[in-house]
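Structure, as structure tokens:
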Amino acid sequence: VRRIVVVGASLAGLRAAEELRGQGFDGELVVVGDEPHRPYDRPPLSKQVLAGTWDADHLPLAVAHEGGLDGLDVDWRLGTRATGLDLATRTITLADDDVGVELAFDGLVIATGASPRWLPGCRTDLAAVHTLRTLDDSLAIRAVLDTTPQRVVVVGGGFIGAEVAATCRSRGVDVTLVEMLPVPMGVAVGDEVGTLMADIHRDHGVDVRLGVGVERVDGSDRVERVRLTDGTVLSAALVVIGIGVVPNTAWLDGSGLTVDDGIVCDATGQATSGVFAAGDVARWPSRRYGRSLRIEHWDNAIAMGEHVAQRLLAGSGGSAGSGDDGDVYDPVPWFWSDQYDRKVQLAGVAAGADEMQVVEGSMDERRFVALYRQGDRLAAVLAMNRPRPVVTYRRQIQAGASWSDALATASG
Ligand code: FAD
Ligand code: NAI
């Protein structure tokens, strides 16, 4: 392997590049990214950056490698979009400044992440209607918050909606949160904790509207009103749309890679010989959960970026692994979310769980640990403002602990 190309210059791509060097790869390493920025961290975009307490200079992703980012000896192609992949010639096509330029690779890591969905039917030319994914998005939303007397309508009660609503309230802005489903964040944390999250938002003064969608977003040049499907009309000086993301795979159309809500990989993270995917864009069969997963969280981007870098080097010229446990990517996913003075952490996969039990603290106190059962296994642990037990239960999930073992730990 002489030249490895990484497409996507963000968390998964950077961690893959860092791991390649860490494992001793001394060939040519090219990282292609369509944003103009060097890799930066996204979690603060809905939190500290939006709150106005951090600026862009807090965000660059650090690397442990000696010599920092420059020490990685990467040929950065920033502000450059990959537009095609030809597996027969093992080349990718680059657009923008490098119109039509082809770049050959021996190994490829695809880490192109995901892009926000736009609200169906919503005009794209109205000022102060935004999605939130990039630094530029966050600064644009903050600029509106800095200048306009505020009434914000947040569409979508998932991670973006919940965190943006909390941050806007911390700025003293009036917020209405509109979620199509009966419970916000329910898909990720289950209906009981989702219902609690709705209460927490209400207690902080958010007008939470559940089970209702948006019919239209109106205004002349700037947004002025949002009409809901139940006929309610909300005035709005800012609309933030957080209704989910779509994996960035359009550039792979016709390449022959299998795409099905993400790049379909084998259990090692390999999409086809010498081509791997990592982070938000990647889908793989999880042995632990017995189904295919695509995880849209920070920790997975790091772990999978590192994993596929190792597999690429180990399997160069052939298969990415023998199927041994070490070859297989089978993490216990983990995320956190900060909303007001509550920190929620979840390790494992709670979606599809059969049962949830609070085993420490209580939901009334809003400080608790809950376990999720799938079949006879411990599937996930969620902690609100009680971080320590997450480590213990995450280890148990890793080890395949039974539900009764987990409950015994809780009562012991
Ligand atoms: P991305 O970060 O999406 O990076 C992909 C990169 O590839 C982008 O720069 C994109 O522009 C580029 N790209 C796409 N297509 C092309 C192309 N064709 N050519 C070249 N470049 C391309 N997770 C948590 O666990 N906790 C949190 O608190 C948290 N907060 C978040 C807050 C916000 C506002 C957002 C947006 C996300 C948050 N996340 C959080 C999720 C976490 O940031 C993502 O899971 C992580 O960024 C995924 O990394 P990635 O490298 O896979 O993809
Ligand atoms: P999401 O998938 O978390 O939530 C989308 C929400 O929008 C769902 O609750 C859905 O029911 C709702 N929705 C869909 N269509 C709607 C409509 N027309 N009207 C009203 N509601 C509608 O996606 P979200 O919040 O956009 O987040 C995007 C990405 O950012 C995700 O990958 C997420 O994981 C990531 N993120 C993660 C954070 C964290 O881990 N703490 C924080 C912020 C973002």
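The values are calculated or read from the model by the stated rules, or taken from the named source; none is laboratory data. Since we're looking at a predicted model, the values are computed, not measured. Because the Cβ atoms are built from the backbone with ideal geometry, glycine has one as well, and the counts that use them run over all protein chains shown. Note: areas computed on protein heavy atoms with side chains; ligands, DNA, RNA excluded. Shrake-Rupley method; radii C 1.70, N 1.55, O 1.52, S 1.80 Å.
Does LEU69 meet the test of being within 16 Å of ligand 2 (Cβ to nearest atom), farther than 26 Å from VAL129 by Cβ and in contact (Cβ under 8 Å) with a residue 12 or more places away in the chain? Full working, then the answer.
Values: within 16 Å of ligand 2 (Cβ to nearest atom): no; farther than 26 Å from VAL129 by Cβ: yes; in contact (Cβ under 8 Å) with a residue 12 or more places away in the chain: yes.
So LEU69 fails the test.
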(message) Among the residues in segment 24-40, are any part of a loop (DSSP other than H, G, I, E, B) and within 7 Å of ligand 1 (Cβ to nearest atom)?
(response) yes
(message) I'd like the residue in segment 148-201 that is of a type in the set (S, T, N, Q) and modelled with pLDDT of 95 or more and, out of all such residues, is nearest to the chain's Cα centre (by Cα).
(response) THR167
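Could you tell me whether ALA104 is under 28 Å from PRO39 (Cα atoms), surrounded by fewer than 18 Cβ atoms within 10 Å (Cβ to Cβ) and free of Cβ contacts under 8 Å to residues at least 12 places away in the same chain?
Values: under 28 Å from PRO39 (Cα atoms): yes; surrounded by fewer than 18 Cβ atoms within 10 Å (Cβ to Cβ): yes; free of Cβ contacts under 8 Å to residues at least 12 places away in the same chain: no.
Spelling it out, it is not the case that ALA104 is under 28 Å from PRO39 (Cα atoms), surrounded by fewer than 18 Cβ atoms within 10 Å (Cβ to Cβ) and free of Cβ contacts under 8 Å to residues at least 12 places away in the same chain.
Among the candidates GLU192, GLU224, which residue alone is on the phi < 0 side of the Ramachandran plot, away from ligand 1 (no atom under 16 Å from the Cβ) and touching a residue at least 24 places away in the same chain (Cβ under 8 Å)?
Working: GLU224 fails: touching a residue at least 24 places away in the same chain (Cβ under 8 Å).
Result of the check over GLU192, GLU224: GLU192.
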(request) Filter segment 5-14 down to residues that are under 17 Å from the mean Cα position of the chain (by Cα) and farther than 15 Å from VAL281 by Cα, then give me how many there are. (result) 0
(request) Could you tell me which of the residues GLY279, GLY274 is within 16 Å of HIS307 (Cα to Cα), surrounded by 19 or more Cβ atoms within 10 Å (Cβ to Cβ) and away from ligand 1 (no atom under 11 Å from the Cβ)? (result) GLY274
(request) Read through the list (1) open to solvent by 60 Å² or more (accessible area, probe 1.4 Å); (2) under 30 Å from CYS265 (Cα atoms); (3) free of Cβ contacts under 8 Å to residues at least 60 places away in the same chain, then give the number of the only condition that ARG117 fails. (result) (3)
(message) Considering only residues that are without any contact (Cβ under 8 Å) to a residue 24 or more places away in the chain and either open to solvent by 60 Å² or more (accessible area, probe 1.4 Å) or within 10 Å of ligand 2 (Cβ to nearest atom) (or both), which ones fall in segment 139-171?
(response) THR147
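Would you check if HIS130 is surrounded by fewer than 17 Cβ atoms within 10 Å (Cβ to Cβ), touching a helix residue (DSSP H, G or I) at 6+ places or on another chain (Cβ under 8 Å) and under 30 Å from VAL175 (Cβ atoms)?
Judged against the criteria, HIS130 is not a match.
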(request) Sort through VAL259, VAL264 and tell me the only one that's open to solvent by 10 Å² or more (accessible area, probe 1.4 Å) and in contact with a Lys or Arg (Cβ under 7 Å, 6 or more places away or on another chain). (result) VAL264
(message) Within segment 102-138, take every residue that is modelled with pLDDT of 95 or more and at positive phi and give me the one that is nearest to ligand 2 (Cβ to nearest atom).
(response) GLY113
(request) Find the strands (runs of 3 or more DSSP E) located wholly in segment 69-168 whose residues include 2 or more that are of a type in the set (S, T, N, Q), and list them. (result) 91-94
(message) For segment 358-412: of the residues being within 21 Å of ARG342 (Cβ to Cβ) and charged (D, E, K, R), which is most open to solvent (accessible area, probe 1.4 Å)?
(response) ARG388
(message) Can you pull out every residue in segment 234-254 that is away from ligand 2 (no atom under 16 Å from the Cβ) and surrounded by fewer than 18 Cβ atoms within 10 Å (Cβ to Cβ)?
(response) SER235, ALA250, ASP253, GLY254
(request) Select, from VAL208, VAL175, the only residue that is open to solvent by 10 Å² or more (accessible area, probe 1.4 Å) and either touching a residue at least 40 places away in the same chain (Cβ under 8 Å) or not acidic (Asp, Glu) (or both). (result) VAL208
(message) Let me spell it out: the conditions are (1) within 14 Å of ligand 1 (Cβ to nearest atom); (2) of a type outside the set (Val, Ile, Thr); (3) over 19 Å from the mean Cα position of the chain (by Cα); (4) surrounded by 20 or more Cβ atoms within 10 Å (Cβ to Cβ), and LEU20 meets all of them except one. Which number is the exception?
(response) (1)
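With the requirement that a residue be more than 16 Å from VAL246 (Cα to Cα) and either within 16 Å of ligand 2 (Cβ to nearest atom) or touching a helix residue (DSSP H, G or I) at 6+ places or on another chain (Cβ under 7 Å) (or both), what does segment 277-300 give you? Can you show your working first?
We begin by selecting, within segment 277-300, every residue more than 16 Å from VAL246 (Cα to Cα); these are 284-292, 298-300.
Once the filter is applied, which keeps residues that are more than 16 Å from VAL246 (Cα to Cα) and either within 16 Å of ligand 2 (Cβ to nearest atom) or touching a helix residue (DSSP H, G or I) at 6+ places or on another chain (Cβ under 7 Å) (or both), segment 277-300 yields TRP298, ASP299, ASN300.
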